[in-house]
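> Got a structure for you, written out below as structure tokens; questions coming shortly.
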Amino acid sequence: MIDPVTLRLSRHFSGQGVETSLDTARTSACATVLVTGAGGFIGSALVKAIAAAGPERIVLLDASEHNLFGIHRYLEEVHPSVAHEAILGSVTDARLIHGVFGRFRPRIVYHAAALKHVPLLELNPFAAVRNNAIGTHTLAGAALAYNVPALVLVSTDKAVNPHSIMGASKRLAELTVTALSGPACRMNAVRLGNVVGSTGSVVPIFLEQIARGGPVTVTHPEVSRYFMSLQEAVEAILAGGAADCDGKILLPVLGEPENIADRARFLIETAGRRRRTAPPHIEIRFIGLRPGEKLHEDLMFQTEIRDGSAGPLAVIRTPTPAPAELHGRMAQIDCLLAGGDLAALLETICAMVPEYQPSSVVRSAAE
């Protein structure tokens, strides 16, 4: 059964693909919503959409003081009638997480807290796995312990056939929510493409390079990515909260992948039109794929199966370990992180995500 607050939030923001047969009393119910990574690019947009729907309370969790202050101030100024709590901390802090769940008793969790920069995380594999994988396991465990009806993980297409530790860590997060989901707590993962304008993504970087007069750096002439707007991402996440299924990967419609060099050329030409001059002579320089990057991203594993739809999202069945196996593997990963054993950590991750192809940078560090 769809939880009332998730139904109402999805109706308010997107109005598409949500069941409308539930009675007025249920759909008007309010609840406390927890958003992790609440001050980030996607997290803050999600919070703004939720606040506009008027929940009983929003709990904001973020490890960045700067980001948390920004979204906290926004709610104070724009939605002063919406109660909210700003919690500075990490999803990896089990004591903090259980304290938050015990105090505020959220009815739905939107988990957008993640480390995401692929080349940087290749140099910091322990941080990637600790935050993205162990953090998700900690959060999912608290959701089960405190009888939270629904949890939505914000995932990425980089989790599919990953070449990066970031992608592998997000795949571990997907396996966590699909393995631990059940009738008591519906857990699903919404697998997004690249969100245009997100911090550190190619479009803001290209615009900065164009403003400096170039060059614009592209990794490879043929590299492509799936793109979506911020609004499309938020709509997909909220639709994921309303989805009447559990233990699934939910995939929005992403269209055809876009060539990155073509996007760079378009931005250069657009800059010239805005100045009402001929397009500036700005060089596009190809620098080669960086460690952990792929030429093209995939949306599904070969072992995954489409299983209908949930509103605007395709429902994907993915191979998932049993809960006991998942808990055992995550406990093993936690111990390896504490001991700093990268070689054994990679071995464990590859056992859980056999499609993962570690980069030469990570393999060299493990040696």
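The values are calculated or read from the model by the stated rules, or taken from the named source; none is laboratory data. Just so we're clear, the structure is a prediction, and the values are computed from it rather than from any experiment. Neighbour counts are summed over all protein chains in view; Cβ atoms, including those assigned to glycine, are modelled from backbone coordinates with ideal geometry.
> Residues being within 19 Å of R290 (Cβ to Cβ), touching a helix residue (DSSP H, G or I) at 6+ places or on another chain (Cβ under 9 Å) and loosely packed, with under 14 Cβ neighbours inside 10 Å: count how many of those fall in region 326-364.
So the count comes out to 0.
> If we scan region 231-244, do we find a residue that is without any contact (Cβ under 8 Å) to a residue 60 or more places away in the chain and either in contact with a strand residue (DSSP E or B) (Cβ under 9 Å, 6 or more places away or on another chain) or aromatic (F, W, Y) (or both)?
Yes, because at least one residue in region 231-244 is without any contact (Cβ under 8 Å) to a residue 60 or more places away in the chain and either in contact with a strand residue (DSSP E or B) (Cβ under 9 Å, 6 or more places away or on another chain) or aromatic (F, W, Y) (or both).
> May I ask you to list the residues in region 155-208 that are out of contact with any helix residue (DSSP H, G or I) (no Cβ under 6 Å at 6 or more places or on another chain) and of a type in the set (D, E)?
D157, E208
Table: residues versus (1) more than 18 Å from the chain's Cα centre (by Cα); (2) of a type in the set (D, E, K, R).
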| site | (1), (2) |
| --- | --- |
| I97 | yes, no |
| A114 | no, no |
| F126 | yes, no |
| R130 | no, yes |
| L139 | no, no |
| A142 | yes, no |
| M166 | no, no |
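> Sticking with this one: Can you tell me which of (1) within 22 Å of the chain's Cα centre (by Cα); (2) farther than 30 Å from A343 by Cβ; (3) not in a helix (DSSP H, G or I) is the one H66 doesn't meet?
(3)
> Restricting to region 144-197, give me the number of residues that are among the hydrophobic types (A, V, I, L, M, F, W, C), within 17 Å of L250 (Cβ to Cβ) and in a helix (DSSP H, G or I).
6
> Counting only residues that are touching a strand residue (DSSP E or B) at 6+ places or on another chain (Cβ under 8 Å) and in contact (Cβ under 8 Å) with a residue 40 or more places away in the chain, how many does region 279-308 have? Steps first, answer last, please.
So in region 279-308, the residues touching a strand residue (DSSP E or B) at 6+ places or on another chain (Cβ under 8 Å) come out as 282-287, 295-297, 299-300, 304-308.
Of the ones still in play, those that are also in contact (Cβ under 8 Å) with a residue 40 or more places away in the chain are 282-287, 295-297, 299-300, 304, 307.
Looking only at that region, the number is 13.
> Run I87 past the list (1) in a helix (DSSP H, G or I); (2) more than 26 Å from D157 (Cα to Cα) and report the number of the one that doesn't hold.
All conditions are met except number (1).
> For the structure I just gave you, tell me whether D3 is closer than 24 Å to T136 by Cβ, at pLDDT below 95 and acidic (D, E).
The answer is yes for D3.
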